[in-house]
């Protein structure tokens with residue numbers, strides 16, 4: 001895929017959507033597609049540790065993780081610095097006579113924000129930071145909405161409304177898990193919030209690449225109609241009740257005990273658990289187990305094999321409202337071999 005634009009700046013896509021909507025699944029779809037482009041990925045986690053880097057396809061793409069909280073809170077610091085560093089790497093790769101340095105070259109950037117991020121301050125970076133504005137152009141904001149939990153998230157979280165309102169494309173995920181009537185209801189609500197963005201259903205991230213990359217969807221004048229102070233207002237607030245914590249252990253889990261414990265957690269705290277995910281070290285299994293869920297929906301699948309010299313460590317991230325961290329940690333510890 002190539003762009004016909006004479007603009008030589010690096011195109012950037014902001015991939016947003018509330019916790020568990022399916023952003024990483026969609027990103028893996030983009031990375032695995034035969035589009036012939038090299039992509040630099042900036043991936044953000046809410047909390048003290050991130051696992052999404054392990055959930056992403058590891059190819060020639062450059063994946064940079066930001067684990068120090070919401071990307072919109074660090075946009076004037078880490079995001080600007082990372083974009084600047086990537087631009088320098090790209091320049092070095094383009095001018096390299098040594099083939100080993102060509103791997104530094106990339107064609108575009110995708111920023112996957114944490115599910116709790118307001119996309120406005122992220123998008124602002126491409127207009128109010130002169131160095132970034134000269135090197136990058138914002139191509140589009142792609143928002144993934146969860147058909148199962150989307151209505152509740154729009155009711156309860158201002159960030160979810162902002163993500164939909166700023167979208168240039170809206171991708172509705174998990175439609176196979178709800179009725180046709182429910183799909184029609186949330187589609188109507190999304191159109192009411194953002195009548196200018198096309199809405200398409202996606203199944204396990206299978207979206208047409210033409211609907212995601214090089215769409216020229218972000219039009220500043222349209223955004224200023226939605227939020228007139230877009231270029232000035234960089235303040236925002238998070239729900240103080242939402243927090244995150246990480247459980248780590250180099251001891252393997254007993255799979256049967258863990259399944260029983262997690263099932264019990266979901267019965268009691270399922271409505272409070274906004275997102276949970278991780279990489280698990282299961283006793284007797286030479287492969288990683290990828291574990292993730294939203295509210296009461298939980299799933300796991302076999303990941304890559306543990307490398308011979310790799311530290312076999314389980315890392316689980318829990319994000320939710322008023323979660324009893326001590327109870328979670330004690331229960332998980334009891335599931336270890």
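The values are calculated or read from the model by the stated rules, or taken from the named source; none is laboratory data. Predicted model only: the values in this text are computed from it and were never measured. Note that each Cβ is placed from the backbone with ideal geometry, even for glycine, and that neighbours are counted across all protein chains shown.
Side notes on the structure shown:
Let's see how each residue does on (1) within 24 Å of residue 174 (Cα to Cα); (2) under 23 Å from the mean Cα position of the chain (by Cα); (3) part of a loop (DSSP other than H, G, I, E, B):
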position	(1), (2), (3)
256	no, no, no
260	no, no, no
263	yes, no, no
267	yes, no, no
271	yes, yes, yes
276	yes, yes, no
279	yes, yes, no
290	yes, yes, no
298	yes, yes, no
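- Test: residue in the stretch 139-157 that is touching a residue at least 60 places away in the same chain (Cβ under 8 Å), part of a helix (DSSP H, G or I) and crowded, with 21+ Cβ neighbours inside 10 Å: yes
- Strands (runs of 3 or more DSSP E) fully within the stretch 1-107 counting 3 or more residues that are within 30 Å of residue 151 (Cα to Cα), at pLDDT 50 or above and under 14 Å from the mean Cα position of the chain (by Cα): 10-17, 39-44
- Scanning the stretch 171-199 for residues that are outside any helix (DSSP H, G or I) and surrounded by 12 or more Cβ atoms within 10 Å (Cβ to Cβ) yields 171, 172, 173, 174, 178, 194, 196, 197, 198, 199.
- For the stretch 243-250, the condition of being part of a strand (DSSP E or B) and at pLDDT below 80 holds for at least one residue.
- Take the conditions (1) surrounded by fewer than 16 Cβ atoms within 10 Å (Cβ to Cβ); (2) without any contact (Cβ under 8 Å) to a residue 24 or more places away in the chain; residue 296 misses just one of them, which is (2).
- Test: residue in the stretch 319-326 that is surrounded by 19 or more Cβ atoms within 10 Å (Cβ to Cβ), touching a helix residue (DSSP H, G or I) at 6+ places or on another chain (Cβ under 8 Å) and not in a helix (DSSP H, G or I): yes
- Between 300, 264, the distinction of being farther than 30 Å from residue 120 by Cα, modelled with pLDDT under 85 and outside the structural domain of residue 155 (by TED's automatic domain parsing) belongs to 300 only.
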